[in-house]
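J.: Structure below; questions to follow.
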Amino acid sequence: MKASLRWMNVIGPSSMRSRSTSFIGLGRMGHEMAYNLFSKQFAHANENRFVVCDAIPESAQRFCSNFVKQYPGANINIANTPEEATRASQTIITMLPSSPQILSVYHDGIIPTLRKLPADQAKSTFCIDSTTLDVDVARSVAKGVAEARSQMVDAPVSGGVTGAKAATLAFLVGGTVTGFKQAQPILALMGQRIIHCGPSGAGLAAKICNNLILGVQQMVVGEAMLLGTKLGLDPAVLSSVISSSTGNCWSISVNNPVPHALPEKSPPCEREYEGGFATALMLKDMGLASNVAALAGCPVPLGQAAETLYAQMVEEQPELAQKDFSSVYKFLKRVMEEGKTIKA
C-alpha cells in the first residue's frame, strides 16, 4: 500500500503515460466520479495507473487513502499541480466549480504543458471537462487544447451527487464525432447515458438549459410543499399525490425538500440538506443561464426570478450556500414564519 500511494514528483515514461488517467477536481461530484472510474478501470486491468489532483491537498490524500484501502495494490498517485497531472497521463478529466477555475487549470496549467510535450504525446492526449461553465469559456479552452495538438470534449453531467455515486449520470457531450466516440467508453464507466449534443460548447448549452428548468422546478416544488403542509396535508401524502399526477418531476419524487416525505428514499433533506448539489452552484448555473439568454436575446423571466430568490437565500442565510439547493424550502419556511416578504 505504501509503495502505491505517493506524492508525484517525477513523471514516468511515455509507455506509462498511455496507461494513466488523471482526474483533476475532487469535490462532491468529482470524488464520486473518479472513484467509479478508477475502480472499474482497475478491475479491468490492474496495471492501470491513476492520478488525482485537487486545490485542497488533503482531499487528494484522503481520496487516495480510501481508494487503496478498498483496492490494495492500486497504482494511484497525487499530482501537486495540473501540470504534473498532464505530464503523467494521456487521459485527463476535469470536474471543477466554474469558469474561473477552468481558465486557471487549462490556460495556466494544462495547455502550456501540452505545448511542451513531444508531438506524439501531445497528439495522443485526450481531455474531458465535466464542469458546468460559460459556453464561450468552454470553446476558448477547447480551441487552446486543439492548438496544442490534443483533443478535448466538454461533457457536463446531469444526475447530481446521487447519480455520480451510483454511476447513473447522463453526460451531455460537445465536440467532434471522433472525440465523442473516444469519450464514450470512459464516460460509460461513470454514467448510463452519453449524448452527443453537437460541436464544442453544445453539451454545456444543453446542460445550462436543463439546469434552468431544474432551478425553477426545485423552487416551485418547495413552494407547493410548504403551501400543502400549511394547509394541513401530510408531506408524504402530498408527495404521493403530486408524484402520480401532472406535477410529477425529479424535484418531488427524488429530491423532495421535506423530511419524511419520501419514506423509502433518502434525499438530502433527511441529512440536514448535506451531500447534494450546493445552492451556491445552482445560483451560479442560474446566472450562466441568464447571461447566455441575454446574449441570445431570449427572455427567461422565470429563470431570472429564481436566480433572484436563490441570491436572496444565500445573502440572508449564508449557511445554506453549501447545502443542497432543495434547502430553498427551509428558506421559504423561515420567511413564512418570520412574516417577511420575498424580493420580486
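The values are calculated or read from the model by the stated rules, or taken from the named source; none is laboratory data. Quick caveat, the model's predicted, so the values are computed rather than measured. Positions of Cβ are generated from backbone atoms using ideal geometry, with glycine treated the same way; all protein chains shown enter the neighbour counts. Accessible surface areas use protein heavy atoms only, side chains included; no ligands, DNA or RNA. Shrake-Rupley method; radii C 1.70, N 1.55, O 1.52, S 1.80 Å.
J.: Please verify whether residue 124 is closer than 17 Å to residue 19 by Cα, open to solvent by less than 10 Å² (accessible area, probe 1.4 Å) and not β-branched (Val, Ile, Thr), treating the condition exactly as stated. So that I can check it myself, show each step before the final result.
T.: Details: closer than 17 Å to residue 19 by Cα: yes; open to solvent by less than 10 Å² (accessible area, probe 1.4 Å): no; not β-branched (Val, Ile, Thr): yes.
Answer is no for this residue.
J.: Here's something else I'd like to know. From the list 146, 183, 164, pick out the single residue that is among the small types (Gly, Ala, Ser) and in contact with a helix residue (DSSP H, G or I) (Cβ under 9 Å, 6 or more places away or on another chain).
T.: Values: 146 fails: in contact with a helix residue (DSSP H, G or I) (Cβ under 9 Å, 6 or more places away or on another chain); 183 fails: in contact with a helix residue (DSSP H, G or I) (Cβ under 9 Å, 6 or more places away or on another chain).
Being among the small types (Gly, Ala, Ser) and in contact with a helix residue (DSSP H, G or I) (Cβ under 9 Å, 6 or more places away or on another chain) holds for just one of 146, 183, 164, which is 164.
J.: Also, I was wondering about something else. Helices (runs of 4 or more DSSP H) wholly in segment 221-298 with at least 3 residues that are open to solvent by 10 Å² or more (accessible area, probe 1.4 Å) and within 28 Å of residue 208 (Cβ to Cβ) - which ones? Can you show your working first?
T.: On the way: elements: 235-243, 250-253, 279-296.
So the answer is 279-296.
J.: Say we look at segment 138-161 and pick out the residues that are at pLDDT 95 or above and hydroxyl-bearing (Ser, Thr, Tyr); which of these is most open to solvent (accessible area, probe 1.4 Å)?
T.: 140
J.: Going by the conditions given, is residue 314 assigned to a helix (DSSP H, G or I) and either modelled with pLDDT under 95 or more than 25 Å from residue 156 (Cα to Cα) (or both)? Reasoning before the result, please.
T.: Details: assigned to a helix (DSSP H, G or I): yes; either modelled with pLDDT under 95 or more than 25 Å from residue 156 (Cα to Cα) (or both): no.
No, not satisfied.
J.: If you don't mind, another one. Scanning segment 22-41 for residues that are out of contact with any Ser or Thr (no Cβ under 6 Å at 6 or more places or on another chain) and not in a helix (DSSP H, G or I), which turns out nearest to residue 184 (Cα to Cα)? Break it down stepwise before answering.
T.: Within segment 22-41, the subset out of contact with any Ser or Thr (no Cβ under 6 Å at 6 or more places or on another chain) is 23, 27-41.
From what is left, the residues that are not in a helix (DSSP H, G or I) are 23, 27.
On the way: 23: 17, 27: 23 Å.
Applying the filter and picking the extreme gives 23.
J.: Still on this model: Name every residue in segment 172-185 that is crowded, with 21+ Cβ neighbours inside 10 Å and under 22 Å from residue 42 (Cα atoms), in order of residue number.
T.: 183
J.: Would a scan of segment 106-127 turn up a residue that is of a type in the set (Val, Ile, Thr), under 30 Å from residue 296 (Cα atoms) and touching a strand residue (DSSP E or B) at 6+ places or on another chain (Cβ under 8 Å)? Spell out the reasoning first.
T.: Kept after step one, since they are of a type in the set (Val, Ile, Thr), are these residues of segment 106-127: 110-111, 113, 125.
With under 30 Å from residue 296 (Cα atoms) added as a condition, the list becomes 111.
Adding the requirement that they be touching a strand residue (DSSP E or B) at 6+ places or on another chain (Cβ under 8 Å) leaves none.
Checking segment 106-127: not a single residue is of a type in the set (Val, Ile, Thr), under 30 Å from residue 296 (Cα atoms) and touching a strand residue (DSSP E or B) at 6+ places or on another chain (Cβ under 8 Å).
J.: Same structure, new question: How many residues, within segment 44-84, are out of contact with any helix residue (DSSP H, G or I) (no Cβ under 7 Å at 6 or more places or on another chain), more than 18 Å from residue 16 (Cα to Cα) and not hydroxyl-bearing (Ser, Thr, Tyr)?
T.: Of the residues in segment 44-84, 14 are out of contact with any helix residue (DSSP H, G or I) (no Cβ under 7 Å at 6 or more places or on another chain), more than 18 Å from residue 16 (Cα to Cα) and not hydroxyl-bearing (Ser, Thr, Tyr).
J.: I'd like the residue in segment 1-36 that is among the aliphatic types (A, V, I, L, M) and at pLDDT 65 or above and, out of all such residues, is surrounded by the most Cβ atoms within 10 Å (Cβ to Cβ).
T.: Our first condition is that a residue be among the aliphatic types (A, V, I, L, M); within segment 1-36, this holds for 1, 3, 5, 8, 10-11, 16, 24, 26, 29, 33-34.
Filter once more, keeping what is at pLDDT 65 or above: 16, 24, 26, 29, 33-34.
Values: 16: 15, 24: 30, 26: 23, 29: 25, 33: 28, 34: 26.
The selected residue is 24.
J.: Can you go through 283, 227, 214, 262 and tell me which one is more than 30 Å from residue 126 (Cβ to Cβ) and under 15 Å from the mean Cα position of the chain (by Cα)? Outline the logic, then answer.
T.: Values: 227 fails: under 15 Å from the mean Cα position of the chain (by Cα); 214 fails: more than 30 Å from residue 126 (Cβ to Cβ); 262 fails: under 15 Å from the mean Cα position of the chain (by Cα).
Matching residue, one of 283, 227, 214, 262: 283.
J.: Could you look through segment 320-343, keep only residues that are surrounded by fewer than 17 Cβ atoms within 10 Å (Cβ to Cβ) and touching a residue at least 24 places away in the same chain (Cβ under 8 Å), and pick out the one that is farthest from residue 309 (Cα to Cα)?
T.: 322
J.: Quick one: in segment 127-137, of everything that is in contact with a helix residue (DSSP H, G or I) (Cβ under 6 Å, 6 or more places away or on another chain) and open to solvent by 10 Å² or more (accessible area, probe 1.4 Å), which residue is nearest to residue 21 (Cα to Cα)? Before you say what the answer is, go through the steps one by one.
T.: As a first pass, look at segment 127-137 and keep what is in contact with a helix residue (DSSP H, G or I) (Cβ under 6 Å, 6 or more places away or on another chain): 127-128, 131-135, 137.
After this cut, where a residue has to be open to solvent by 10 Å² or more (accessible area, probe 1.4 Å) as well, the list is 132, 134-135, 137.
Details: 132: 21, 134: 25, 135: 25, 137: 24 Å.
Step by step, filter segment 127-137, then rank; the result is 132.
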